[in-house]
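The values are calculated or read from the model by the stated rules, or taken from the named source; none is laboratory data. Quick caveat: nothing in here was measured; it's all calculated off a predicted structure. Neighbour counts are summed over all protein chains in view; Cβ atoms, including those assigned to glycine, are modelled from backbone coordinates with ideal geometry.
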Amino acid sequence: MEKFSERLNRLSFSQTFVMSNKVREMKAAGIDVISLTLGEPDFDVPKNIKEAAFSAIDHNFSHYSPVPGFMDLREAICGKLDRDNNLTYQPTQICVSNGAKQAILNVLASIINDGDEVILPAPYWVSYDEMVKMMGGKSVFVKTSIDTEFKITAKQLEQAITPKTKALLYSSPCNPSGSYYTHEELESIANVIAKHPQITIISDEIYEFINYDGKHTSIAEFPQVYEQTAVINGMSKAFAMTGWRIGYSACPTWLAKACEKIQGQMTSGANSMAQKASVTALKTDPSEYRFMIEEFRTRRDIVYNLMRDIPGFNVNYPKAAFYFFPDISFYVAKTLNGTFIKDADDFAMFLLEHAHVGCVGGVSFGNPNCVRFSYATSEEDLKEAMRRIKDLLTNVKIS
Ligand code: PMP
Ligand code: GLU
């Protein structure tokens, strides 16, 4: 007999993993599928970081670390925040977690009561709404479209705030849109939030380095909201370390202590060896890893030029992260080769089944008219994927 909690029943499976698992199953059945589903760099972990991990094993870093992370890692994180973001933090303000995912969950668990509202500019990363639900909160969505590069304005934000608003949660650079908020845009958002001291900004900056304009701003740089901001970042995207599971938050001290309390009862400190390797990653000059970003830039341009030619796709030119989020509303509520397409998730399934290209439908990102393609894969696969989709949609029978 299944005995699920109400909390569990509120949740959905992560759609990114649902689609990537479907691709895996099809591949196992011998079908030649190209996966543009999961957002994870396809590079190997850089050699100096691997060597630091080997050395940590040799030196027996095999015991529990302090719950919020080893002191040298927290110091290296403070050094990184100073070097790259002009932000001053003390190690007591840092909590190292099992990925940025846990870092976000720690913050939400620390501040959300039942019924509290969290503002999510849509589209948002799949796990945000689910995490808010897990904590008993209620997401308030602020809609955007491709015409504004999927970004909200300060005015829209102001209109969404109520006495129950406890947090604003967003990623910049954004997964799934590939946009980032400029210095000026963040300043106007900061000015709104500063008027509401009960609100915490959860600023997910995990794609910070994957910004082709090189103009990342952290909202914590604005002094009027420094004390209201939790900066989230991690090793997954910048250093291709997704499986090493190291992320962190940088918060006001009261919130950092709260994250430590939650994490201490949940998972303890993050993996010791991966923490030691992260010290090396963060202390190395970011230019050492620049080659990955240049490679992503080349791929972005290849995909942009090919995707623009796909019938029915409305595409913008993403400036950061490694995703395209084209608007495919042209196909919604139509029948394609006998299959009715109710929303973008149906369209993603149609592409998977008929073009053998995996992507993720936009419904769980808060936009039922768009689909997400990750271009963190080889040029060859990207070109072939775009060719397959174009072929399918050029010849599709629409009724
Ligand atoms: N935030 C965003 C916007 C992401 O795309 C991801 C994807 N992994 C995460 C957080 C979580 O990253 P991590 O691997 O550090 O848990
Ligand atoms: N963040 C990546 C993505 O959006 C990895 C999967 C996940 O954590 O949801 O595809």
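Quick one: how many residues across the range 234-258 are in a helix (DSSP H, G or I) and closer than 18 Å to residue 210 by Cα?
Narrowing the range 234-258 to residues in a helix (DSSP H, G or I): 242-244, 253-258.
With closer than 18 Å to residue 210 by Cα added as a condition, the list becomes 242.
Residues flagged as in a helix (DSSP H, G or I) and closer than 18 Å to residue 210 by Cα within the range 234-258 amount to 1.
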### Task
Evaluate the following for residue 366: is it of a type in the set (Gly, Ala, Ser), within 16 Å of ligand 1 (Cβ to nearest atom), within 29 Å of residue 133 (Cα to Cα) and in contact with a Phe, Trp or Tyr (Cβ under 6 Å, 6 or more places away or on another chain)?
yes
Being over 22 Å from residue 317 (Cβ atoms), within 26 Å of the chain's Cα centre (by Cα) and not small (Gly, Ala, Ser): is that true of residue 352 here? yes
Going through (1) closer than 15 Å to residue 322 by Cα; (2) surrounded by fewer than 17 Cβ atoms within 10 Å (Cβ to Cβ) one by one, residue 172 fails only at (2)
Subset of the range 184-199, residues in contact (Cβ under 8 Å) with a residue 12 or more places away in the chain, out of contact with any Asp or Glu (no Cβ under 8 Å at 6 or more places or on another chain) and farther than 18 Å from residue 232 by Cβ, comes to 185, 187, 188, 191, 194, 196, 197, 198
Checked 332, 303 against criteria (surrounded by 20 or more Cβ atoms within 10 Å (Cβ to Cβ) and over 19 Å from the mean Cα position of the chain (by Cα)); the one match is 303
The number of residues in the range 19-53 that are part of a helix (DSSP H, G or I), within 16 Å of ligand 2 (Cβ to nearest atom), among the hydrophobic types (A, V, I, L, M, F, W, C) and within 25 Å of residue 210 (Cα to Cα) is 1
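If you scan the range 1-31, which residues turn out to be of a type in the set (Gly, Ala, Ser) and under 27 Å from the mean Cα position of the chain (by Cα)?
So the first thing to find is which residues in the range 1-31 are of a type in the set (Gly, Ala, Ser), and the list is 5, 12, 14, 20, 28-30.
Across the range 1-31, the qualifying residues are 12, 14, 20.
On the basis of being within 22 Å of residue 364 (Cβ to Cβ), touching a residue at least 24 places away in the same chain (Cβ under 8 Å) and touching an Asp or Glu at 6+ places or on another chain (Cβ under 8 Å), does residue 203 make the cut? Break it down stepwise before answering.
Values: within 22 Å of residue 364 (Cβ to Cβ): yes; touching a residue at least 24 places away in the same chain (Cβ under 8 Å): yes; touching an Asp or Glu at 6+ places or on another chain (Cβ under 8 Å): no.
Spelling it out, it is not the case that residue 203 is within 22 Å of residue 364 (Cβ to Cβ), touching a residue at least 24 places away in the same chain (Cβ under 8 Å) and touching an Asp or Glu at 6+ places or on another chain (Cβ under 8 Å).
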Per the filter on the range 209-240, residues of a type outside the set (Val, Ile, Thr), surrounded by 24 or more Cβ atoms within 10 Å (Cβ to Cβ) and under 19 Å from residue 74 (Cβ atoms) are 220, 230, 233, 234, 235, 239
Residue hits (the range 1-52; crowded, with 18+ Cβ neighbours inside 10 Å and in contact with a Lys or Arg (Cβ under 7 Å, 6 or more places away or on another chain)) are 33, 41, 52
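Going residue by residue through the range 307-316, is there one that turns out to be at pLDDT 95 or above, closer than 17 Å to residue 38 by Cα and either more than 16 Å from ligand 1 (Cβ to nearest atom) or among the acidic types (Asp, Glu) (or both)? Before you say what the answer is, go through the steps one by one.
Here is the first cut: in the range 307-316, the ones at pLDDT 95 or above are 307-316.
Subsequent filtering for residues that are closer than 17 Å to residue 38 by Cα retains none.
There is no residue in the range 307-316 that is at pLDDT 95 or above, closer than 17 Å to residue 38 by Cα and either more than 16 Å from ligand 1 (Cβ to nearest atom) or among the acidic types (Asp, Glu) (or both).
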- Message: Could you go through the range 207-217 and let me know if any residue there is in contact (Cβ under 8 Å) with a residue 24 or more places away in the chain, farther than 25 Å from residue 94 by Cβ and hydroxyl-bearing (Ser, Thr, Tyr).
- Response: yes
Residue 8 passes all but one of the listed conditions (1) outside any helix (DSSP H, G or I); (2) more than 16 Å from ligand 2 (Cβ to nearest atom); (3) farther than 16 Å from residue 280 by Cβ; (4) out of contact with any strand residue (DSSP E or B) (no Cβ under 9 Å at 6 or more places or on another chain); the exception is number (1)
Of (1) farther than 27 Å from residue 323 by Cα; (2) in contact with a His (Cβ under 8 Å, 6 or more places away or on another chain); (3) of a type in the set (A, V, I, L, M, F, W, C), residue 33 fails just (1)
With criteria (1) under 21 Å from residue 94 (Cα atoms); (2) more than 16 Å from ligand 2 (Cβ to nearest atom), residue 186 comes up short on (1)
Only one of 327, 343, 381 is in contact with a Phe, Trp or Tyr (Cβ under 8 Å, 6 or more places away or on another chain) and among the acidic types (Asp, Glu), namely 327
